[in-house]
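Written below as structure tokens is the structure these notes are about.
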Amino acid sequence: MPPRRPSSCTTNREFCETVVVEPTEEHPDAARPNEPSTLGTVVSLGSSIVGSIVVGLLLGLYLDHEAGTSPLFLLLGLFLGIAAAGFALKAAATRLGGGSK
């Protein structure tokens with residue numbers, strides 16, 4: 001029985017092998033596969049900030065609709081969402097900065 005080839009190999013004559021990437025100036029994170037990438041960190045932080053503000057706004061809109069008040073809970077939800085985004089930003093900075101105040 002012939003050896004199994006990975007699905008990325010397209011012909012019988014082609015050989016696929018695993019390539020080990022050494023760290024270079026262009027790819028300094030190559031030797032640290034368990035650490036989060038910069039892009040992953042930025043996307044996570046951005047979505048957490050936007051999500052906090054959107055949830056605050058939607059909750060404020062809902063409470064305004066139920067209570068019959070116009071901008072009161074919307075503004076309160078906006079400020080609470082911004083505050084939650086600030087806490088998320090501070091937590092990320094503490095985590096990435098090594099725990100300094």
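Readers should treat all values here as calculations from the given coordinates under stated rules, not as data from a laboratory. Please read all numbers here as calculations on a predicted model, not as lab measurements.
Only Cα pairs under 8 Å and at least 6 apart count here; give the relative contact order of the stretch 38-95 as a rounded whole percent. Intermediate values should be presented prior to the final figure.
Details: 58 pairs, mean separation 23.6, N = 58.
Value for the stretch 38-95: 41 percent.
Looking only at Cα atoms, what is the convex hull volume of the stretch 38-95 per residue, in Å³? Present the calculation step by step, with values, prior to reporting the outcome.
Working: hull volume 3.0 nm³, N = 58.
With only Cα atoms used, the stretch 38-95 gives 52 Å³ per residue.
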